[in-house]
Amino acid sequence: MARPRTFDPDTAVDQAMEVFWRQGYGATTPQDLVDAIGIGKGSLYHAFGSKHALFERALRRYRDTQTAALVEALERPGPVRERLGSALRALAAMDLADPDHRGCMAVNAAAELAGVDPEAVAHVRRMLDRTELAFRALIEEGQRTGEVAADRDPAALGSLLMNTVVGMRVVARVSDGPDRLDRVIDATLAII
C-alpha cells in the first residue's frame, strides 16, 4: 500500500519557485530542492518527475501570479497614465526591496536558457505575450477615452511597454537605488 503524501504539492512548487528564482535553473541542484521542500529525493521525483518538470511548474506558477498582478494593477479604475505609472512604480519598488536582487524569474530564465531549453522559453514567451496584450489593452482604452493619441499604434506601444518592463527588471538587479528606474518610468509615461 502506498504511503500518503506528507507534503502539499502546491506549497512545494512555491518553495521550488523561490529556489529557482534565487539561483537559476542550472545552479539549482536536486538537493537544493529537497532541502527547500523538506522531502526526500525519491518523493521529489515521484511527485514531479524531474528537476526540469518541477522548474516548468514553478515557471508557470510565477507567470500566472506575476502576470495576474500586473493585469490587475492595469485594470484598476482611474486615468490610464496614472494606472500605468502606478504599475511600473510598483514593479520597481518590489524589485528594489528584494534583498536578493532576483529581478524577474521569467527574464532570468530567458537569459539563462534561450537556445537550450525550448519548453522554458515557450513559458517565458507566453508571459511576455500576456504582458504585452495587457499593455496594448490599456493603450486602446486610453485611445477610447482620449488620454492617448488616436494615431499611436497600440500594438507597438504594447511592445514598447513590455520591453520597458523587461529592461527595468534587469536594471533593478544591479541598481543601488531608484533614480535610474524613476527616470525610465518618467520617460516612458511622457512618450505614451
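General observations
- Between the residues Ala155, Val170, Ala53, the greatest Cα displacement towards the positive end of the dipole of the chain, with unit charges on the Cβ of Lys, Arg, Asp and Glu, is found for Ala53.
- Centre separation in Å (Cα based) which lies between segment 115-165 and segment 9-77: 25 Å
- Cβ crowding within 10 Å averaged over residues, with 64-74, 93-103 ranked highest first: 64-74, 93-103
- Descending by average beta-carbon neighbour count within 10 Å, the peptides 143-152, 117-126 line up as 117-126, 143-152, the highest first.
- Degrees separating the helix 80-97 axis from the principal Cα axis of the chain, which is the longest one: 40 degrees
- On Cα atoms only, tilt of 179-191 relative to the major axis of the chain in degrees: 50 degrees
- Descending semi-axes in Å of segment 60-191, equivalent ellipsoid built from Cα gyration tensor: 24, 18, 13
- Lys, Arg +1 and Asp, Glu -1 on Cβ, resulting dipole of segment 60-191 about Cα centre, debye, nearest 20: 160 debye
Rule-based calculations on the coordinates, nothing more; no lab input. Because the structure is a prediction, the values reported are computed rather than measured. In this analysis, Cβ positions are derived from the backbone assuming ideal geometry, glycine residues included, and neighbour counts consider all displayed protein chains.
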